[in-house]
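The structure appears right after this line, and notes come after that.
The values are calculated or read from the model by the stated rules, or taken from the named source; none is laboratory data. Worth saying up front: this structure is predicted, and the values here are computed from it rather than measured. Here Cβ is always computed from backbone atoms with ideal geometry, including for glycine, and neighbour counts include all displayed protein chains.
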Amino acid sequence: MKQFTGTGKLLRLYIRRDWLLLPIWLFLPVVLVSGQMTFVKAMPDWRLFIEELSESAITSAWLGPIYPLSLEGAILWRGMLQAAIVVLFGAAFTVIRHIRTEEMSGRSELILGKPVGRYANVTAAVTLSCAGSLLAGLLCSASLFSSGFAAGGSLIAGLTIAAAGCVFAGLGSVLAQFFGHSGQVRGAIFGVYGLMMLFMVLNNVNGGYSTWAWLNPGAWFRVTAPFAENHIWPLFIFAGLALIMLELSYALLNKRDMGAGIIAERERTKNADIKSPIALAWHSHKRAVVVWSAGLSFIGVFIGAITPSISMDTMGEMLAQLSGWGPAMMKLGNQEGFIALSVYILGLMGGLSVFVLTFVQSMRGEENEGYTEILLSKPVSRLKWMGSYLAVAFVGSAIILLAFGIMSGLGWSIGSGNSEHLFRVTAMSISKIPSVWIIIGIAALLYGWLPRIASFLGWLIWGVFVLIEMLWEAGIVGWSAMKWTPFSYAHYSIPINEISMISLIVLVLISGAFTALGIIGFKRRNII
């Protein structure tokens with residue numbers, strides 16, 4: 001038990017430190033589920049809406065069929081996925097922050113200098129995340145129950161959301177043992193979930209209730225079936241999986257040194273190579289660019305290959321009028337709409353935006369570990385050092401998007417026998433580059449002027465952009481709100497031939513301005 005000494009004190013400390021972030025991911029799922037309830041109930045004829053939604057090829061491919069075919073099923077169909085995504089990432093990031101970020105800053109070493117057990121830090125972080133996940137799930141249950149839905153189904157739905165958070169809390173604790181930097185761990189979490197999205201699509205194109213559903217927490221409500229069969233037994237399996245991951249974290253923790261990861265860091269370039277900052281930046285991050293390119297290319301080929309299997313049937317009348325989403329999908333058609341949505345999510349909103357945020361924020365890690373100060377003591381200016389990192393971020397993100405677009409288009413072209421799809425999908429992917437570069441510019445600006453809170457603000461801004469997207473899709477906010485996000489200017493709802501080139505050029509100029517301001521801030525502040 002000595003290994004767990006001080007867990008309670010650390011847990012109270014982490015609760016006090018998370019007074020701002022914790023409520024965000026606790027209450028946001030309730031907002032999303034409640035918004036879906038309001039949206040469905042506001043339908044002139046929600047029964048017709050459910051019927052059309054169930055028959056829609058594009059919605060079934062991404063979100064699966066509605067089950068049960070009732071008001072509750074229509075709410076769960078989208079609300080459960082969105083709520084689960086918020087909770088699982090909130091739980092994972094909380095664990096990463098209190099394990100890996102604490103070690104990077106040196107605070108864990110100070111804590112372990114006190115009468116604190118070896119496992120106390122990991123246990124406190126996972127406990128906080130799991131307790132938060134459970135509370136978020138129960139709040140969603142209370143929201144459903146207070147709206148007049150059955151208590152049993154409401155409880156199962158909430159516990160399913162909580163299970164997603166607990167499993168990802170365990171996953172975050174395991175990955176935090178492997179990597180030495182918090183940015184690498186967050187990138188790994190997004191990578192794992194990206195693969196899980198592939199499993200979700202596989203599940204949906206196979207009817208929505210295949211064994212693939214077990215491999216994506218966003219689809220676990222199809223396993224527990226709230227308001228239908230109300231299966232409780234899968235929840236015990238999910239809880240057991242979370243416990244196994246926690247035990248694995250303890251085992252891995254004993255095999256690594258404080259501040260290090262199981263996976264050894266790559267050797268730094270020799271002093272002779274420091275004369276070329278751009279070569280150093282590329283040396284440090286080329287593996288990430290290659291891995292992301294290969295990963296998205298693999299997913300892209302698969303997405304493109306299954307696109308011809310999407311039915312071309314016309315969308316129902318009510319669904320076609322749904323917010324701005326329905327008319328856009330009606331205009332694009334099911335197949336192009338499906339692949340346009342795939343490129344948008346993986347190549348911009350939830351894919352490359354995450355990559356570039358993690359990439360730019362890695363400069364803060366270099367600074368904290370003293371490497372930046374060492375380099376700047378050489379004949380390397382601040383402009384060259386930061387500019388080289390950002391140049392690799394700009395070029396690397398463009399390379400990844402180009403590879404993703406080519407492979408997605410190639411998959412669709414081979415599957416359909418129409419080579420024109422290759423160029424169209426590649427153009428879709430390339431059109432996302434200016435929007436991704438805006439994220440780089442924002443991250444650079446924050447790092448240059450507000451380095452201590454740059455990571456928090458960067459993820460917060462990205463989260464707000466994603467939230468606005470979700471609210472627009474649910475019909476809660478209009479396109480005027482979407483225009484405040486860089487996503488809207490290369491949105492999947494806009495046919496590729498109608499995207500404004502002027503808007504994309506303006507985005508490039510703005511990203512350049514943000515980047516320049518960030519470099520100016522870095523030149524003026526102290527290395528800390």
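Condition check for Phe39 on (1) under 30 Å from Arg97 (Cα atoms); (2) buried (at least 18 other Cβ atoms within 10 Å of the Cβ); (3) among the aromatic types (Phe, Trp, Tyr): one failure, at (1). State whether the residues of region 374-386 include one that is outside any helix (DSSP H, G or I), over 22 Å from the mean Cα position of the chain (by Cα), farther than 30 Å from Trp46 by Cα and at pLDDT 85 or above. The answer is yes, given that some residue of region 374-386 is outside any helix (DSSP H, G or I), over 22 Å from the mean Cα position of the chain (by Cα), farther than 30 Å from Trp46 by Cα and at pLDDT 85 or above. List pairs: first residue in region 65-93 and on the phi > 0 side of the Ramachandran plot and surrounded by fewer than 22 Cβ atoms within 10 Å (Cβ to Cβ), second residue among the small types (Gly, Ala, Ser) and assigned to a helix (DSSP H, G or I) anywhere in the structure, Cβ distance under 9 angstrom, at least six positions apart or on different chains. Listed by first residue and then by second, the contacts come to nothing, as the list is empty. Of the candidates Leu134, Leu195, Leu175, Leu202, the single residue that is crowded, with 22+ Cβ neighbours inside 10 Å, assigned to a helix (DSSP H, G or I) and within 22 Å of the chain's Cα centre (by Cα) is Leu175. Candidates in region 307-329 are the residues that are surrounded by fewer than 19 Cβ atoms within 10 Å (Cβ to Cβ) and under 30 Å from Gly417 (Cβ atoms); of these, the one that is modelled with the highest pLDDT is Pro308.
Scanning region 224-242 for residues that are β-branched (Val, Ile, Thr) and surrounded by fewer than 20 Cβ atoms within 10 Å (Cβ to Cβ) returns Ile232, Ile237. In this structure, does Pro217 turn out to be within 21 Å of the chain's Cα centre (by Cα), of a type outside the set (A, V, I, L, M, F, W, C) and modelled with pLDDT of 85 or more? The answer is yes for Pro217. In the set (1) touching a residue at least 24 places away in the same chain (Cβ under 8 Å); (2) touching a helix residue (DSSP H, G or I) at 6+ places or on another chain (Cβ under 6 Å), the condition left unmet by Ala150 is number (2).
The condition (being modelled with pLDDT of 90 or more and within 24 Å of His283 (Cβ to Cβ)) is satisfied by just one residue among Trp437, Trp412, Trp449: Trp437.
So which helices (runs of 4 or more DSSP H) stay within region 416-528 end to end and still have 3 or more residues that are surrounded by 14 or more Cβ atoms within 10 Å (Cβ to Cβ)?
Details: elements: 420-430, 433-449, 454-473, 479-482, 501-524.
Per the criteria, 420-430, 433-449, 454-473, 501-524.
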